[in-house]
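Read through the structure below, which is laid out as structure tokens, and then see the notes.
The values are calculated or read from the model by the stated rules, or taken from the named source; none is laboratory data. Remember, it's a predicted structure, so these values are computed and weren't measured experimentally. Heads up, the Cβs are rebuilt from the backbone with ideal geometry, glycines too, and the neighbour counts pull from every protein chain shown. The protein model used for the area step is the full one, side chains on, heavy atoms only, and it has no ligands, DNA or RNA in it. Shrake-Rupley method; radii C 1.70, N 1.55, O 1.52, S 1.80 Å.
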Amino acid sequence: IRDSIQNHLYPLENVQLHLPVKAGDYTDFYSSREHATNVGIMFRDPANALLPNWLHLPVGYHGRASSIVVSGTDIKRPHGQMQLKEGEAPIFGLTKQLDIELEMAFVIGKENKLGHPIPIENAEDHIQGLLIFNDWSARDIQKWEYVPLGPFLGNNFCSTISPWLIDLDALEPFSVENPIQDPQPLDYLHQTGKNNYNIELEVLLNGHPISHSNTKYLYWSMFQQLAHHTVNGCNMRIGDICASGTISGPTPNSY
């Protein structure tokens, strides 16, 4: 077998990897309970970490598709407004709090017509597969701008995706059940069976691991995300990307 495929193999150092899909639209969700809680504590206070809607629907916002690039692309540190101290006037300059969000994203492989929601029991049929997704974030810019309409310049300057799109069929052996959802979601978000995936994730900084997590921790599954995204009749197109939001876990080393 090795001899028969040898002529079709190329050394990795001679290969340039590209975007596996050119997204027409991109939505970023906020589907990790641990992450939403952590951010709520940082931006608000521990008593009001989760906003009232969070446990009832997959929160999301419309992102910027034009700045999605393949992993390994050089990124410029962005400029923007930021408030250094509460009550003071903002300043303009380079972000001082730049990070990435460790996410997974699903890619649409089957469209729905405008005005025709995708029922949760059919959501899997509309998803081609998964990508690793890193949403770059300027936290100081975001903190100043995000009320009341959410992220804007703090997130739209760059997102990187893996050059590999892994079909859902290939991930089937790694399917696991969701975390228990309480309160129970409304009927259009109700799901049964195994709807998450056991995918180990790791963040390294200059070669040193700084965080470990897993896709199985996501509170809202990708099928719930897609059902909610289209319940109002929003039409999805082939190649659209929907990211999970940062995937934190239950322990400090997974934040």
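Within region 150-168, can you find the residues that are of a type in the set (Gly, Ala, Ser) and either buried (at least 18 other Cβ atoms within 10 Å of the Cβ) or assigned to a strand (DSSP E or B) (or both)? Scanning region 150-168 gives Gly154, Ser159, Ser162.
Per-residue answers, yes or no, for (1) among the aromatic types (Phe, Trp, Tyr); (2) open to solvent by 50 Å² or more (accessible area, probe 1.4 Å); (3) within 30 Å of Glu111 (Cα to Cα):
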residue	(1), (2), (3)
Gln6	no, yes, no
Val21	no, no, yes
Ser31	no, no, yes
Asn38	no, no, no
Arg44	no, yes, no
His62	no, yes, yes
Gly80	no, no, no
Pro90	no, yes, no
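Taking each residue of region 45-59 that is closer than 18 Å to Met222 by Cβ and looking for partners that are surrounded by 10 or more Cβ atoms within 10 Å (Cβ to Cβ) and of a type in the set (Gly, Ala, Ser) with beta-carbon atoms closer than 8 Å, six or more apart or interchain, yields Trp54/Ala36; Pro58/Ser31; Val59/Ser31; Val59/Ala36.
For the condition open to solvent by 90 Å² or more (accessible area, probe 1.4 Å) and part of a helix (DSSP H, G or I), Gln16 does not qualify. Looking at Leu218, Leu171, just one residue is surrounded by 15 or more Cβ atoms within 10 Å (Cβ to Cβ), in contact (Cβ under 8 Å) with a residue 12 or more places away in the chain, more than 30 Å from Arg77 (Cβ to Cβ) and touching a strand residue (DSSP E or B) at 6+ places or on another chain (Cβ under 9 Å), and that residue is Leu171. So which residues in region 151-168 are at pLDDT below 95 and in contact with a helix residue (DSSP H, G or I) (Cβ under 9 Å, 6 or more places away or on another chain)? Once the filter is applied, which keeps residues that are at pLDDT below 95 and in contact with a helix residue (DSSP H, G or I) (Cβ under 9 Å, 6 or more places away or on another chain), region 151-168 yields only Pro151.
Just one of the numbered conditions (1) within 30 Å of His18 (Cβ to Cβ); (2) among the polar types (S, T, N, Q); (3) under 21 Å from the mean Cα position of the chain (by Cα) is not true of Asn112: (3).
Taking the conditions (1) under 24 Å from Ser67 (Cβ atoms); (2) free of Cβ contacts under 8 Å to residues at least 24 places away in the same chain in turn, Pro163 satisfies each one other than (2).
Of all the listed residues (Gln181, Gln191), the sole one being farther than 22 Å from Val69 by Cβ, under 20 Å from the mean Cα position of the chain (by Cα) and part of a loop (DSSP other than H, G, I, E, B) is Gln181. Close contacts from region 192-210, counting a first residue that is in contact (Cβ under 8 Å) with a residue 24 or more places away in the chain and closer than 17 Å to Thr246 by Cα and a second that is among the hydrophobic types (A, V, I, L, M, F, W, C) and open to solvent by 90 Å² or more (accessible area, probe 1.4 Å), with Cβ to Cβ under 9 Å and a gap of 6+ residues or different chains, come to Tyr197/Phe174; Asn198/Phe174; Ile199/Phe174; Val203/Ile210.
Of the residues making up region 97-143, those that are among the polar types (S, T, N, Q), farther than 17 Å from Pro163 by Cβ, in contact with a strand residue (DSSP E or B) (Cβ under 8 Å, 6 or more places away or on another chain) and open to solvent by less than 50 Å² (accessible area, probe 1.4 Å) number 1.
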